[in-house]
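Comments concern the structure below.
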Amino acid sequence: DTVGAAAVMPKWDAVAGKDAHYQLLSGAALERAGDGRAIERYIAATRLDPSLVLAEVLLARYVAIDGDPSKAMELAKLFQSKYPQRIEASALVALAWARNPLRDPAVPKEVKETHDRAAELPLGLKFVPFALNALEALSNHTPDKAKAELSRGLQVADGPGVASWLGAIALETGDEAAARKAALLAVSFSAVYPPARTLAARVALLGYRLDEAQKATDELDPRSADVALVRAAVAYERLDADGLGRALEGLTPEAKQLPFTRPILSAPALLLGTEQPSADKLSQMFVVDAPWADVLAMDSALDVGDLAVSDKIAAAWGENDTRPHHAIRLARHARYRGKLDEAEKWSKLALTGSITARSVIERVFLLVEKKDYKAVEPMRAQYSSVLGKQTKWASAYTLASSGRVEAARAKVATEDPPPDLAPLPMRLLAGATYGKLKDHNAGFKYIKALAKAGFTNPDVANASENVGLPPIKTRSP
């Protein structure tokens, strides 16, 4: 009864405000409710009774979960200097280390000590060994073990902060069900706790429910790395360059240096095609343990026609991947490799999440490749609001491919093609359309500019050949 708890405290503050145990319990109640004022109560409890060990433990834990990791380590070390034999000291040091996104790769000895004496941990720290095990499993690329450890950790989670952190680790495994379970637990503790709402947004993003993900970030701090990531990823998927810029502009300089956020900072340049990473950089981007890094790497590899890199990413995602945002890319990759049946499977899966211009444009490309022209028009009409100005280009591309060149030319006769700084998928569709029209004037120049910029994928290569440009050599066979 969170509301009841909130009503009790004002009544008793004046009477029991000098009682350390009262402040301790008030802090615990506020923490469970996701209220940041919990730290004030824990500090008050430690000052009123410096010998109250539990108050020091909960203060250090709270700062590790909701505060500055370096300050959490200071508190943990201070506690350790006072109580070197207590298992809580080891657990707090291990927790502060694990919570630091810039942590030293060298594992502190306290991690092993925490594991060895896990049975002695009090309730408020019982989740720590499971979280540590999950992080170790992720670093060893054993996600199934990480999921099992996280499940055990959630069983002893006693507040929204712990549940949200475990859920964030679950996201790194790619297990939407586990992350959703953690998000529901976190929200059940507190529906207003920002990290719980952020976790819910990231879970929705993982499931490619873009409207839900965007809505979950409403009224959250735009300077938060998690919030910026969700909003930026949604904008990137929707080909919304302006929204992508707005999502990232609020990040603090410190947040921009986090490994978690670095890949998404390259999204504007990749979306607009102003950056074409080398094969080495693409491979490095793919292995970075950060949200959307693999998606950005896959898009870039496909855009520049580096099918050797896209082969690696596709293999890592696996043939049983069910994530719609991966399916969009896997459909394109399979199409480029000439595996149209496989591309069909992925293309249909891509449409099970939020419908974006990305998924529809790739679907059009595939249906035309399969010569299933009749299926394009009803789909194009159904998703015209998603395609926007690209509707006419998709229609013209289909008409020209089916031999109705004059009808196709009429569709775009009064349309200007997407400009140089339009999102790249739009420009690639226009370029492919010009290729099908065999437009040796405006189309020749447009396709030549795409090829010159480094976008030597099969779509551009085919369009280039159709307008009489020299053969394009892609990065990989």
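Of note:
- Among residues other than residue 346 with Cβ under 11 Å from its Cβ, the summed charge is +2 (Lys and Arg +1, Asp and Glu -1).
- With every protein chain in place, segment 229-383: carbon and sulfur % of accessible area (1.4 Å): 50 percent
- Cα convex hull volume per residue for segment 323-409 (Å³): 81 Å³
- Kirkwood-based Rg to Rh ratio, segment 1-160, C-alpha trace: 1.00
- Highest mean first, the peptides 200-208, 27-35, 219-227 sorted by other C-beta atoms within 10 Å per residue fall in the order 200-208, 27-35, 219-227.
- Given +1 at the Cβ of Lys and Arg, -1 at the Cβ of Asp and Glu and no other charges, the dipole of segment 194-264 around its Cα centre is 180 debye to the nearest 20.
- Cross-link pairs 392/438; 348/370; 389/452; 348/438; 281/312 - those with Cα-Cα distance over 19 Å: 389/452; 348/438
- Straight-distance candidates among the aspartates and glutamates for linking to residue 256, with alpha-carbon spacing under 20 Å and chain neighbours fewer than 8 residues away dropped: 66, 68, 104, 172, 221, 226, 242, 275, 289, 294.
- Distance from the alpha carbon centroid of segment 240-292 to that of segment 92-154 works out to 29 angstrom.
- Spin-label pair residue 252-residue 284: with each label point 7 Å from Cα along the Cα-Cβ axis, the two points sit 2.7 nm from one another.
- Vicinal HN-Hα couplings computed from phi for segment 212-217 (Karplus, 6.51 cos²θ - 1.76 cosθ + 1.60; Hz; Gly/Pro x): 5, 5, 5, 5, 5, 8
- Computed P(r) (all Cα pairs; the chain; 10 Å bins; percent): 4, 18, 26, 20, 14, 10, 6, 2, 0
- Segment 20-109 - Rg over Rh from alpha carbon coordinates, Kirkwood radius: 0.98
- Pairwise FRET efficiency - residue 416 versus residue 86, Cβ, R0 = 51 Å, nearest 0.05: 0.10
- Relative to the Cα centre, the charge distribution of the chain, modelled as +1 at Lys and Arg Cβ and -1 at Asp and Glu Cβ, gives a dipole magnitude of about 1120 debye.
- Segment 116-216: C-alpha gyration tensor shape, a/c 1.5 cut-off, then a/b vs b/c: oblate
- Overall form of segment 33-77 per C-alpha gyration tensor (a/c, 1.5; a/b vs b/c): oblate
- Relative contact order %, the chain, counting alpha carbon pairs below 8 Å whose residues are six or more apart: 8 percent
- Peptide ranges 408-414, 182-188, 317-323 listed from the most packed, as the mean C-beta count within 10 angstrom indicates: 182-188, 408-414, 317-323
- Angle in degrees between helix 128-139 and the longest Cα principal axis of the chain, rounded to the nearest 10: 30 degrees
- Looking at the chain, the accessible area is 45 square angstrom per residue; that uses a 1.4 Å probe and ignores ligands, DNA and RNA.
- Partners for residue 181 among lysines (Cα-Cα distance below 22 Å; same-chain residues under 8 apart left out): 126, 145, 147, 215
- Convex hull volume per residue, computed on the Cα atoms of segment 188-292, equals 108 Å³.
The values are calculated or read from the model by the stated rules, or taken from the named source; none is laboratory data. Computed from a predicted model, the values in this text were never measured in an experiment. Because the Cβ atoms are built from the backbone with ideal geometry, glycine has one as well, and the counts that use them run over all protein chains shown. Heads up: the accessible areas ignore ligands, DNA and RNA and are worked out on the full protein's heavy atoms, side chains in. Shrake-Rupley method; radii C 1.70, N 1.55, O 1.52, S 1.80 Å.
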